[in-house]
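Step one of this worksheet: look at the structure below.
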Amino acid sequence: MFITLLVTTFLISVFVSFLVVRLFNNPIEKILNRLIEDAISNAWVKYLKFAIYVVGISSGVDVWKLSQYIATPEAKALELTYNTWVLEIYSNIIGTLQGIAWLLLVFFIFALIAYVILRISELKHSRLK
């Protein structure tokens, strides 16, 4: 039963991360193409998508919490009931989204700062011409 829960939470995290990548694909590509006017922007887009998957899965699959369902000699394992399954799946979805939200917030803050610097630079160059 534990292995099923582990695999289920992993697959849910992958699916939620996939949905977020699909949802934010165009904005990420447009932002990075604007900030990095080079072929390397495609590499950055791929890296950010990879980071979304890594952060989403690692935030959604709480290994420490799941380890409480394994019996040890010192402690009794928690029971996996229908209610705990629902709670674990809900927690998994929320954890995945929360981790990705923080990642994207940091990305968009730095992208905004880079955009402002780029615009200031463009304005200075246009005044000099």
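Values as computed for the structure displayed
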item: Selection count, the range 77-88, where residues are at pLDDT 90 or above, open to solvent by 50 Å² or more (accessible area, probe 1.4 Å) and acidic (Asp, Glu); result: 0
item: Tally, over the range 106-129, of residues that are open to solvent by 80 Å² or more (accessible area, probe 1.4 Å), under 30 Å from Gly56 (Cβ atoms) and of a type outside the set (Phe, Trp, Tyr); result: 4
item: Criterion violated by Asn42 - all others in (1) closer than 18 Å to Thr96 by Cα; (2) surrounded by 11 or more Cβ atoms within 10 Å (Cβ to Cβ) satisfied; result: (1)
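Yes or no, residue by residue, for (1) touching a residue at least 24 places away in the same chain (Cβ under 8 Å); (2) in a loop (DSSP other than H, G, I, E, B); (3) surrounded by fewer than 16 Cβ atoms within 10 Å (Cβ to Cβ):
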{"site": "Leu11", "(1), (2), (3)": "no, no, yes"}
{"site": "Val21", "(1), (2), (3)": "yes, no, no"}
{"site": "Phe24", "(1), (2), (3)": "yes, no, no"}
{"site": "Lys30", "(1), (2), (3)": "no, no, yes"}
{"site": "Asn33", "(1), (2), (3)": "no, no, yes"}
{"site": "Asp38", "(1), (2), (3)": "no, yes, yes"}
{"site": "Gly56", "(1), (2), (3)": "yes, no, no"}
{"site": "Trp64", "(1), (2), (3)": "no, no, yes"}
{"site": "Tyr90", "(1), (2), (3)": "no, no, yes"}
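The values are calculated or read from the model by the stated rules, or taken from the named source; none is laboratory data. As the structure is a prediction and not an experimental result, all values here were calculated from the model. Quick reminder, even Gly has a Cβ in these numbers, built from the backbone with ideal geometry, and neighbours come from all protein chains shown. Protein only, heavy atoms only, side chains kept; ligands, DNA and RNA dropped before computing areas. Shrake-Rupley method; radii C 1.70, N 1.55, O 1.52, S 1.80 Å.
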